[in-house]
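First the structure, in the form of structure tokens, and then the observations on it.
What follows draws every value from the coordinates through simple rules; no lab data is involved. As the structure is a prediction and not an experimental result, all values here were calculated from the model. Neighbour counts run over all protein chains shown; Cβ positions are idealised from the backbone, glycine included.
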Amino acid sequence: MSDEHITDDGASDKLEAVRALDLVSKLFHQVNRVVPADQQLLTIPPEMAVRDAIALLQEHRFSQLPVVAGERVLGVFSYRSFAHKAARLNASDITKQKSAPGDLPVEDFVETFEFASVHDEMPKVFESMENDNGILIGSHDKLIGILTPMDFLRYLYELASPFVMLSEIELTLRELIRLAVSQEELEACAILSLENLYGAEKVPKTLESMTFDNYRMIISHGESWPKFQGLLGSNRTLVSGKLRELCELRNDVFHFKREIKAADRETIREYRQWLLFHARKTEARRGGM
Amino acid sequence: MNSKTIQNRGESVLLPHQLDLIDRFFNPEAAQGLLVRWAVGLGRLHTASHIIARQLVLKPDARILVLVPAALQSQIQFVLDQRGIDSLIVDRFRFREMQEAAETVQAPFGTGRAFLMSTEFASRDDIRASLGTVQWTLIVVDEAHRVGGGKREGVVRDLVEGSPDVRLLLLTIPGIGRIPHFGIQQWAETELRRQEVMDSAGRPIFGARTSVLLPLEYRLSEHEQLLRREILNAVRLAQSEGGTAHTLAHIFERALRSSPSAVEAALRRLRNRLAHFDTGTFQLDEGAELSEIATISAKGTTAAFERLGVCIETLNSVDVDSKRRAFEGLLTEKLDKASMPPAMCVFTEFRATLHYLQAVLDELGIESRAIHGAMPEREQTQAIHEFRGRGGVLIATNVVWSSGAELGAVDSLVLYDVPRSEIAQRQLLGRFNRLSQDRVFAVHALVDTTSVPLVSQEAVGALATILQEDAL
């Protein structure tokens, strides 16, 4: 029989092990992870005219461009490096060069940047970020990438935003449940939906002691549904399906089960919007803000 | 390594057709390129891993490139690992590490190992240039039918041009039209369907499969048809302001055919993207074809947001779902015959529909398992393992074929969404058609008889042809 598919548990464990080894470099948040995955390095030669280099900066919405001759990095051309050096030019310099500043080669306006390794820890590059507004990745003869403060911001936002949005979602859901049922009713709903799962004696009684999936089971239970119907939408199956997906995502994020991708963040953001809409609607009905 | 020796690793044995392929590849008279068209489940990748291993024995400093869909990379690495082949999955982060460790940034690909990467990644300008700086010994292209045309085909063509002695092994399934030859003149081709596979004693391994295709027709209510028109009008309004006109409508029509959940997810995504002026590509599911990816290029207007918002509200207030009703009817019928459906797999193209169907089954009190592409792989494997052991209902998205899951013991397959392409249909059906599978296999396809043109009916027609071919 072919083994191109997974056929037993032992095999799947080995598969996980192989994968884990391959992921070692991905587990730590080193500089390599912060440089955007889709970054395609754009460099310019030293003889390029400033006018053309600035046009490139504008076209790509970049702040700086590495200046490279052959394999060798000479420095970085940026709005800042240009402003610093152009400000020092006086009329006689310009007359002597017989060129407008835009016609001069970029090599006259480069500044030096520090280099970092892909394996460096994040704090190691903070100083360069602050002083130079960026850092080059690799070395003078091997330019691999460029890292800017905006890359850092995006990376940290992407890392943190699922946690923040999911906590908003979970807390909102709790509040909506509280608005829909009294404590007594909640306990009765919990027994209806969760008794099979926990046994009669161990059914959790407070929202804080319940899991997100418990919320889903309580809300979507046929007998409890009429109490929640107005709060999250009137189609039980649609609401239940959404809570199922949210629960999966929540567990993947909070239990670090897998890498959270851009599409996941987008989905979480959409669910956050869904709950925000219903929270606002409920607030308006109750005469709130 | 001697390919005449059957490799017995408990569950893995090289079958005669696999041994023949290895011998054929290493025959001194062999053509430079070999196109392997084998039906799903006949061990294309398994055999390719033996070829790679042998290549590395014959030429320890070989450079081997394996172009493979991203979803399959880890699994292929596992297969290569079993052969003792040193391999590396190359993505952007790995590539940077390789660049830093190499003598020059342009040529970080060493010898004596296999490099695995997706064709999409290999097509990026800098990666393509880097791949072109070295001489490759062997290039294996899995799912070669996905590489034809455009940048992807250009990558392989460039590599072949740059490495005149390279051997090319293309893997695909039968019944797929033209596969590019990437500039190679000497070609050989081998095609194998499951009925032609013999064991070492020369006996057919597969019996003729008994498959039954049972279209499950449903008709949308007036209300559903009206809502569908309203949604498409709202999308057209939005797309005229912020998207690629043709593609957005196309994407939504697919979602509309699937479930209210798929449509709602699509509407919410579109509304959020337009509201946040979030430009860039727009797609609804991980398995989207290139033609199913739109571009959001402008912020939407208040009118468009409002229309989309009204559609979402209306969708949530409608409790008639004719397609769901037809599906429930099927389940009831099956449940009448047994306390639980013995082993039923329900296929959908949308993750939102998968969760919707799970909720439907919850309401009916039927336990179900689910697998989709965003689940951790360990959980996917566990769900399949439990399903194989206990039966019941498994709801699955496209991942069911891309993950290589074996589902030979399934009695009935419900195509809640009929796969839209013939390739997808063949790959999906192949998962239910492994070695030793000789039971009657019922395929229920949900067909909307309201829509004009009858897209799903056409797809069902193609499905019938494939099942008929397999039964011959």
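Quick notes on this one:
- For trypsin sites (Lys or Arg not before Pro), the sites in the range A:85-189 that DSSP calls loop and that have at most 15 other Cβ atoms within 10 Å are A:Lys98.
- In summary, chain A shows an alpha-carbon radius of gyration equal to 1.50 times the 2.2 N^0.38 Å reference for compact globular proteins.
- Summed side-chain charge close to B:Glu222 - residues other than B:Glu222 whose Cβ falls under 12 Å, Lys, Arg +1, Asp, Glu -1: +2
- Ranked list, fewest to most other Cβ atoms within 10 Å of each Cβ, for B:His372, B:His276: B:His276, B:His372
- Placed amide H near B:Val66: partners under 5 Å, 5+ positions off or other chain: B:Phe115, B:Leu116, B:Met117, B:Val140
- If R0 equals 45 Å, the separation of the Cβ atoms of A:Ser234 and A:Phe163 corresponds to a calculated FRET efficiency of about 0.90.
- If you sort the three axes of the alpha carbon gyration tensor as a ≥ b ≥ c, you get a/c of 1.5 or more for the range B:21-74 and a/b no higher than b/c, which makes it oblate.
- Amide H contacts of A:Ser139: A:Ile144, each under 5 Å away and 5 or more positions distant or on a separate chain (H built 1.01 Å from N in the peptide plane; Pro and chain starts excluded).
- Computed from the C-beta positions of A:Ile191 and A:Ala262 and an R0 of 25 Å, the FRET efficiency is 0.05 to the nearest 0.05.
- Calculated FRET efficiency for the pair B:Asp165/B:Glu120, C-beta based, R₀ 35 Å, to 0.05: 0.85
- Overall, the anisotropy analysis places the protein assembly as shown in the oblate class: the square-rooted eigenvalues a ≥ b ≥ c of its C-alpha gyration tensor yield a/c not less than 1.5, with a/b not exceeding b/c.
- Computed 3J(HN,Hα) for the range B:227-235, one whole-Hz value per residue from the Karplus formula 6.51 cos²θ - 1.76 cosθ + 1.60 where θ = phi - 60°, is 4, 4, 5, 4, 5, 5, 5, 5, 5, glycine and proline marked x.
- Taken along its principal axes, the alpha carbon cloud of the range A:106-192 reaches lengths of 75, 24, 18 Å, longest axis first.
- Annotation note: GluC sites (Glu not before Pro) in the range A:144-232 located in DSSP loop regions with a Cβ neighbour count of at most 13 within 10 Å are A:Glu223.
- The range A:159-241 shape via C-alpha gyration tensor axes, a/c threshold 1.5: oblate
- Sites listed here are GluC sites (Glu not before Pro) in the range A:242-285 whose DSSP assignment is loop and whose Cβ has at most 11 other Cβ atoms within 10 Å: A:Glu259.
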